Amino acid sequence: FVTNVLSKLPKSGGWLQHVKVSLGFVELALALKFLSNADMVQGWGILPRELFIGIWMLILLLWAVYLFGGFGFMHPKPKKSGVKQKVLGVLVVLFVAYLAQGLVPNQQTPLRALSGFPPPAFYSVYPTESDCPLNLDCYKDYETGRAVAMEQQKPILLDFTGWACVNCRKVEENIWTQPEVYTLLRDAVVVISLYVDDRKPLPEAEQQTITYADGSSRVLETVGQQWSAFQAINFKSVSQPYYVLLQPNGTILNPPIQYTDKATYLAWLKAGIAASDSEKLAPAFGFE
């Protein structure tokens, strides 16, 4: 049986050269994604969304040129570009055309099929009204956001997120953009987005050593470590995205939720906001 299977495998030849070169272009595109993650986490600011998409387009266009017979030195001898390569080349060009939409300033990003791969829309070369998803008024410090929530008498949406979190971007770009959800986020709650992978150093006075329930300890030296510990200690969770609705005094309005679909997220959001007006709330949560 094994012999029969092996005998049916395609023989090595020119097709294998096409595969190797094509995989090289794909690897370049994926390597750019990892560089983008490092750029956002470290806060370098060298690879905003539009530059990322532009480089991707360039890599893919070069791949298409190769598939159509260009770069003869890369082709097997004798040089040839078969029908399959040309069809793939057309598909690559169409994908490049799709990517071009991402070069236009648009907070309601049209590249939803790629949510989580390019940098978020607010990480842009264009001026933006805020450094938050969808130009929302969000806060990236818990106490600052809580003070605003107390002043405005609104519940808090605590958003534990990450720069390199693909599912976080999917929620922001596919769920938060839905009109019903966006309206509630804009008008009914105060959004506090805490990035657990932010490598910005904490001021020396705020650096501290904490001890977890299991006896292990950790020195908090960066902003991300601070919010990661805040989530782990208070909510017994280290996953992102992780959403908590609570009153400014710490009262949790309903069970926290993670990555989900639009209908579930909207129902959860509405239930928490409705509970914020109720007199029958659970005791306030004691944050550490």
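Of note:
- Average projected area [Cα convex hull, segment 148-202], square nanometres: 4.5
- Kyte-Doolittle mean at least 0.5, axial Cα span of 30 Å or more - DSSP H helices of the chain: 14-42
- Here's the picture: a label point sits 7 Å out from the Cα of Ile46 along the beta-carbon direction, and within segment 172-209 the residues with their amide nitrogen under 19 Å of it are 198-201.
- Leu202 versus Leu28: modelled label distance in nm, points set 7 Å from Cα along the beta carbon direction: 4.3
- The per residue volume of the convex hull around the alpha-carbon atoms of segment 61-209 is 177 Å³.
- Electrostatic dipole magnitude of the chain [Cβ: Lys, Arg +1; Asp, Glu -1; Cα centre; debye, to 20]: 2120
- Residue-count net charge about Ser115 - beta-carbon cut-off 15 Å; Lys, Arg +1, Asp, Glu -1: +3
- Cross-link table Lys86/Lys170; Lys154/Lys262; Lys33/Lys270, entries beyond 26 Å C-alpha to C-alpha: Lys86/Lys170; Lys33/Lys270
- Among (1) 78, 46, 44; (2) 48, 48, 36; (3) 62, 44, 36, the entry that matches Cα extents along the principal axes in Å as calculated here: (1)
- Distance between modelled label sites at Gln152 and Asp261, nm, 7 Å Cα→Cβ extension: 3.0
- Virtual spin-label span in nm between Ala100 and Val83, 7 Å along Cα→Cβ: 2.8
- Diffusion coefficient (Stokes-Einstein, Kirkwood radius over C-alpha pairs, 25 °C, 0.890 mPa s) for segment 181-288: 158 µm²/s, rounded to a whole number.
- Counted over the chain, the DSSP beta bridges are approximately 60% antiparallel.
- Per residue, the chain reaches -14000 deg cm²/dmol at 222 nm when only DSSP H runs of four or more residues are counted, each adding -39500 (n - 2.57).
Readers should treat all values here as calculations from the given coordinates under stated rules, not as data from a laboratory. From a predicted model like this one, the values you see are computed outputs, not experimental measurements. Every residue, glycine among them, receives a Cβ derived from its backbone with ideal geometry; neighbour counts consider all protein chains shown.
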